[in-house]
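I have placed the structure first, in the form of structure tokens, so that the comments after it can refer back to it.
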Amino acid sequence: MSATEQANAEAPSAIAVSARALTRRYGAGDTAVDALRGVDLDIAEHKLVAIMGPSGSGKSTLMHLLAGLDRPTSGTVTVGDTELSTLSDSQLTLLRRSHIGFVFQFFNLLPMLNAEENVLLPLSIAGDKPDAGWVDELFDRVGLSQRRHHRPSELSGGEQQRVAIARALISRPTMLLADEPTGNLDSATSGGILALMRDSVDAYGQTTVMVTHDPRAAAVAHRVLFIADGLIVKELIDASAAQVLAVMGDISG
Ligand SMILES: Nc1ncnc2c1ncn2[C@@H]1O[C@H](COP(=O)(O)OP(=O)(O)OP(=O)(O)O)[C@@H](O)[C@H]1O
Ligand SMILES: [Mg+2]
């Protein structure tokens, strides 16, 4: 082990995002739904964390709160040194723009723009100029150097999701959040996207939190968190797919 590796192994890792006593209630009165019921969470920098759990358990709600796309009913989310509740809506937008990338299940690409224009869109909106070398590298990383001028309708589902991942990474976010990025893809394509999520953590170091139902996520994630009925009920570190399947069986009852 080199001196640097030793120092890294001993230093406690910095926290990229944390949540304390996080709750989210939708609606009010008799029909209120408590989607999150007190989540405490610390996610270290430079890690890939998978979130798994039954439908309706609160996974998307948690992702939206961590991304600052929604506000909690109570409790706090802290990204880096910033507690999100202290920010106005416009400050939150700026923080999201510079620090957070989001990948959706249904890609959410703009159909009239080609792959490259979709990837560059966050920069265009922020009024920033793209760095040509970085754009080339990203297209290379996601394996779409030959598809830059294709529109979404001319790309496969897996290719569209690769475009969406490149778009989320273009601003060099400190955190990438992905809500079922493989949920709309076949098994082989899904495996490729999971590998890309891990590869981009190793290459660029952004903390990544990913909701998935694919037990192969275990093979790529540093940590798997299981959520059931609005609470984190279990976690595994460096788990196998078999271990993940066993826990999923337990918590789906
Ligand atoms: N906007 C909303 N208004 C009312 N209830 C909501 C709203 N969004 C989510 N819910 C409810 O909150 C609970 C958690 O929903 P959430 O979308 O976080 O689940 P999920 O774990 O992402 O499920 P899935 O795996 O199906 O995507 C569910 O009971 C859902 O019906
Ligand atoms: Mg969901």
TODO: Return yes or no: is Leu36 at pLDDT 95 or above, touching a Gly at 6+ places or on another chain (Cβ under 8 Å), within 13 Å of ligand 2 (Cβ to nearest atom) and not in a loop (DSSP other than H, G, I, E, B)?
DONE: yes
- [ ] Give Leu94, Leu177, Leu120 a once-over and let me know the one that is away from ligand 1 (no atom under 16 Å from the Cβ) and at pLDDT 95 or above.
- [x] Leu120
TODO: Go through the range 198-253 residue by residue and tally those that are touching a Pro at 6+ places or on another chain (Cβ under 8 Å), closer than 12 Å to Ile51 by Cα and in a helix (DSSP H, G or I).
DONE: 2
Open item on the list: Based on this model, can you work out whether Ala16 counts as under 22 Å from the mean Cα position of the chain (by Cα), within 16 Å of ligand 2 (Cβ to nearest atom) and among the small types (Gly, Ala, Ser)?
Closed with: no
Open item on the list: Tell me yes or no: at least one residue of the range 113-123 is buried (at least 16 other Cβ atoms within 10 Å of the Cβ) and touching a strand residue (DSSP E or B) at 6+ places or on another chain (Cβ under 9 Å).
Closed with: yes
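What's the total number of residues in the range 14-54 that are within 16 Å of ligand 1 (Cβ to nearest atom) and of a type in the set (S, T, N, Q)?
2
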Task: Close pairs from the range 37-58: first under 24 Å from Tyr204 (Cα atoms) and in contact (Cβ under 8 Å) with a residue 60 or more places away in the chain, partner among the aliphatic types (A, V, I, L, M) and surrounded by fewer than 16 Cβ atoms within 10 Å (Cβ to Cβ), Cβ under 6 Å, at least 6 apart - done: Glu45/Ala14
Task: Conditions (1) β-branched (Val, Ile, Thr); (2) in contact (Cβ under 8 Å) with a residue 24 or more places away in the chain; (3) away from ligand 2 (no atom under 16 Å from the Cβ); (4) under 24 Å from Tyr204 (Cα atoms): number failed by Val103 - done: (3)
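The values are calculated or read from the model by the stated rules, or taken from the named source; none is laboratory data. Quick caveat, the model's predicted, so the values are computed rather than measured. Glycine gets a Cβ as well: all are built from the backbone with ideal geometry, and neighbour counts include every protein chain shown.
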